[in-house]
Amino acid sequence: MSSVPPTAKEAAAFPDGTTDYVPLRGNTSAKVKNHKTRVHISEVPMTWTNWPQHMNWLNCTLVVLIPMVGFISAYWVPLQLYTAIWAFVYYFNSGLAITAGYHRLWSHSAYKGATPLKIYLAAFGAGAVEGSIRWWSYGHRVHHRYTDTDKDPYSVRKGLFYSHIGWIIFKQNPKAQGRTDITDLNEDAIVVWQHKNYIKCVLVMAFAFPCLVAGLGWGDWWGGFVYAGILRVCFIQQATFCINSLAHWLGDQPFDDRNSPRDHMVTALVTLGEGYHNFHHEFPSDYRNAIEWYQYDPTKWSIWLWKKMGLAYDLKQFRANEIEKGRVQQLQKKLDQKRATLDWGIPLEQLPVIPWDVFVADAKNGKALVAIAGVIHDITDFIKDHPGGKALINSAIGKDATAIFNGGVYNHSNAAHNLLSTMRVGILRGGCEVEVWKRAQFENKDITYMNDSTGNRIDRAGTQVTKVVHPVASADAA
Ligand SMILES: [Zn+2]
Ligand SMILES: [Zn+2]
């Protein structure tokens with residue numbers, strides 16, 4: 001097909017910068033007008049009387065009723081070994097046509113395919129009975145664009161059942177779904193041909209072809225139809241649905257946890273490697289879903305093999321540097337969340353500033369106050385627990401113990417500095433370190449102390465405010 005398909009001309013520009021999805025079949029202008037004015041059934045609550053109108057009966061037939069017929073028929077049709085092997089081989093190939101073809105090639109342009117490969121993927125993909133490439137890829141691009149929102153056609157926020165199969169068997173309001181651009185698909189002759197001849201493709205590839213192979217091959221016509229046809233389709237459909245449900249619900253989020261996609265080996269095993277979905281949503285145009293060699297991604301291996309065979313080219317891959325950046329940011333976020341649960345002491349800027357005379361007077365009046373590096377600490381509850389004994393710690397009360405604490409008497413551990421920070425109650429006016437820090441903050445100067453994403457100061461080992469490498473003799477001398 002060399003000329004531009006009529007749809008590309010008919011597609012009206014949308015306010016969000018994309019082109020609307022217009023069905024290729026039927027009287028399109030009337031359909032578009034109708035869907036803009038009519039109240040859609042999905043906008044009416046489901047009741048005991050109107051539920052049949054809520055159901056998408058064509059989809060119900062394809063994903064529920066036909067598989068049920070298959071399971072019941074299996075009672076009378078014994079499974080032969082050759083048929084079982086054939087059903088599995090065809091399962092893998094039609095599944096691969098969805099993951100490597102529908103998904104990574106056409107939805108995400110993660111690589112380019114030679115015409116014979118594209119024909120194989122389009123034909124076997126039709127044999128999976130998941131809609132045409134054009135319809136499938138459109139919905140999938142919308143899913144990536146509007147993940148977890150109301151415009152996401154299979155948002156997991158509407159429930160696991162909805163994201164798995166509910167969105168298929170109930171009628172969906174086309175006005176509510178987000179829109180996206182599929183100009184490239186409208187210009188792909190194989191995609192357009194498969195879309196226009198989709199029902200014929202399904203009948204041939206999903207049912208007639210597996211039946212013919214088993215029938216002509218070893219005389220098992222019914223087995224080919226039931227096992228390699230109907231039941232194989234059912235398993236592929238359910239596996240694919242798992243990407244929309246399970247892969248947004250089960251597993252880890254090593255790259256970003258602000259949306260639902262997750263990585264899990266179980267989902268990967270079920271879906272020929274599509275289970276590393278957190279990675280995929282972050283790097284959708286990467287031809288890989290699993291990036292570690294030991295992770296299960298037969299779709300990636302197949303694309304790589306096709307490249308070696310000259311059938312696939314321009315394989316897209318994000319730089320390891322970009323991938324690691326995402327991983328580190330997520331790790332940092334987790335770390336910050338963990339840090340936020342710990343007691344690091346009252347933030348310095350929230351402490352009252354106390355003159356030296358008041359500090360000394362308070363200590364004389366019985367308060368167990370110790371000044372270290374300009375910070376005043378109330379050690380009342382700690383005296384009895386001091387590992388160095390009561391005498392030494394008592395001798396520091398009412399004094400500047402910066403030098404004593406930092407090696408003058410004992411070079412306290414990192415843990416001791418951490419513990420000390422939880423006892424701070426004030427800041428000495430003119431108290432070295434802290435005063436410098438506060439002035440810098442007031443004057444809006446570059447402050448070397450870093451805050452984490454929860455807004456708290458990061459106290460690394462050895463950078464606590466009480467840690468002084470070359471201790472000063474006394475604070476009031478400053
Ligand atoms: Zn997803
Ligand atoms: Zn995707």
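The values are calculated or read from the model by the stated rules, or taken from the named source; none is laboratory data. Because the structure is predicted, anything quoted here is derived from the model rather than measured. All Cβ positions, even for glycine, are placed from backbone atoms using ideal geometry, and neighbour counts span all protein chains on display.
Have a look at VAL64, VAL89, VAL129 and point out the one that is away from ligand 2 (no atom under 15 Å from the Cβ) and on the phi > 0 side of the Ramachandran plot. Show your work before the answer.
Working: VAL64 fails: on the phi > 0 side of the Ramachandran plot; VAL89 fails: on the phi > 0 side of the Ramachandran plot.
VAL129 is the lone residue from the list that is away from ligand 2 (no atom under 15 Å from the Cβ) and on the phi > 0 side of the Ramachandran plot.
Scan the stretch 118-149 residue by residue and report those that are among the basic types (Lys, Arg), under 22 Å from ASN59 (Cβ atoms) and within 13 Å of ligand 1 (Cβ to nearest atom). Outline the logic, then answer.
Here is the first cut: in the stretch 118-149, the residues among the basic types (Lys, Arg) are 118, 134, 141, 145.
Checking the rest, the ones that are also under 22 Å from ASN59 (Cβ atoms) come to 134, 141.
Selection gives ARG141 alone.
Considering the stretch 300-316 alone, what residues qualify as being of a type in the set (Gly, Ala, Ser) and over 27 Å from the mean Cα position of the chain (by Cα)? I'd like the intermediate steps shown before the answer.
Filtering the stretch 300-316 for residues of a type in the set (Gly, Ala, Ser) gives 302, 310, 312.
Passing the criteria: GLY310, ALA312.
Is it true that some residue in the stretch 288-297 is under 16 Å from GLY326 (Cβ atoms) and within 14 Å of ligand 1 (Cβ to nearest atom)?
Applying the first criterion (under 16 Å from GLY326 (Cβ atoms)) to the stretch 288-297 yields 288-292.
From the residues that got through so far, the ones that are within 14 Å of ligand 1 (Cβ to nearest atom) too are 289.
Yes.
Let's see how each residue does on (1) acidic (Asp, Glu); (2) within 16 Å of ligand 2 (Cβ to nearest atom); (3) not in a loop (DSSP other than H, G, I, E, B):
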residue: LEU216; (1), (2), (3): no, no, yes
residue: VAL226; (1), (2), (3): no, no, yes
residue: ALA239; (1), (2), (3): no, yes, yes
residue: PHE255; (1), (2), (3): no, yes, no
residue: ASN259; (1), (2), (3): no, yes, no
residue: TRP301; (1), (2), (3): no, no, yes
residue: LEU305; (1), (2), (3): no, no, yes
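What number of residues within the stretch 54-78 are assigned to a helix (DSSP H, G or I), within 24 Å of ALA214 (Cα to Cα) and β-branched (Val, Ile, Thr)? Even if it seems obvious, please write down each step before you answer.
Residues of the stretch 54-78 assigned to a helix (DSSP H, G or I): 54, 57-73.
Filter again for within 24 Å of ALA214 (Cα to Cα), leaving 62-63, 65-73.
Among the residues that remain, those that are also β-branched (Val, Ile, Thr) are: 63, 66, 69, 72.
Final tally of qualifying residues: 4.
How many residues does the stretch 268-280 contain that are part of a helix (DSSP H, G or I), within 13 Å of ligand 2 (Cβ to nearest atom) and out of contact with any Phe, Trp or Tyr (no Cβ under 8 Å at 6 or more places or on another chain)? Before the answer, list the steps.
Kept after step one, since they are part of a helix (DSSP H, G or I), are these residues of the stretch 268-280: 268-270, 277-280.
Now drop any that are not within 13 Å of ligand 2 (Cβ to nearest atom), which leaves 277-280.
Still in the running and out of contact with any Phe, Trp or Tyr (no Cβ under 8 Å at 6 or more places or on another chain): 277, 280.
Summing the residues that are part of a helix (DSSP H, G or I), within 13 Å of ligand 2 (Cβ to nearest atom) and out of contact with any Phe, Trp or Tyr (no Cβ under 8 Å at 6 or more places or on another chain) in the stretch 268-280 gives 2.
Results for (1) away from ligand 1 (no atom under 16 Å from the Cβ); (2) of a type in the set (Lys, Arg); (3) free of Cβ contacts under 8 Å to residues at least 60 places away in the same chain, shown as yes or no for each residue.
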{"position": "TRP304", "(1), (2), (3)": "yes, no, yes"}
{"position": "TYR313", "(1), (2), (3)": "yes, no, no"}
{"position": "LYS338", "(1), (2), (3)": "yes, yes, yes"}
{"position": "LEU348", "(1), (2), (3)": "yes, no, no"}
{"position": "PRO352", "(1), (2), (3)": "yes, no, no"}
{"position": "VAL375", "(1), (2), (3)": "yes, no, no"}
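All but one of (1) at positive phi; (2) in a helix (DSSP H, G or I) hold for GLY310; which doesn't?
The one condition GLY310 does not meet is (2).
Within the bounds of the stretch 283-292, is there any residue that is under 23 Å from the mean Cα position of the chain (by Cα) and away from ligand 2 (no atom under 16 Å from the Cβ)? Let's see the steps before the verdict.
Residues of the stretch 283-292 that are under 23 Å from the mean Cα position of the chain (by Cα), as a first pass: 283-292.
Applying the additional criterion that residues be away from ligand 2 (no atom under 16 Å from the Cβ) yields 292.
Yes, there is a match, as at least one residue in the stretch 283-292 is under 23 Å from the mean Cα position of the chain (by Cα) and away from ligand 2 (no atom under 16 Å from the Cβ).
I need the helices (runs of 4 or more DSSP H) fully contained in the stretch 326-419, keeping only those with at least 2 residues that are buried (at least 16 other Cβ atoms within 10 Å of the Cβ).
On the way: elements: 356-364, 390-394, 402-405.
Qualifying helices (runs of 4 or more DSSP H): 356-364, 402-405.
Working carefully through the options THR448, THR463, find the one that is at pLDDT below 75, hydroxyl-bearing (Ser, Thr, Tyr) and within 40 Å of the chain's Cα centre (by Cα).
THR448
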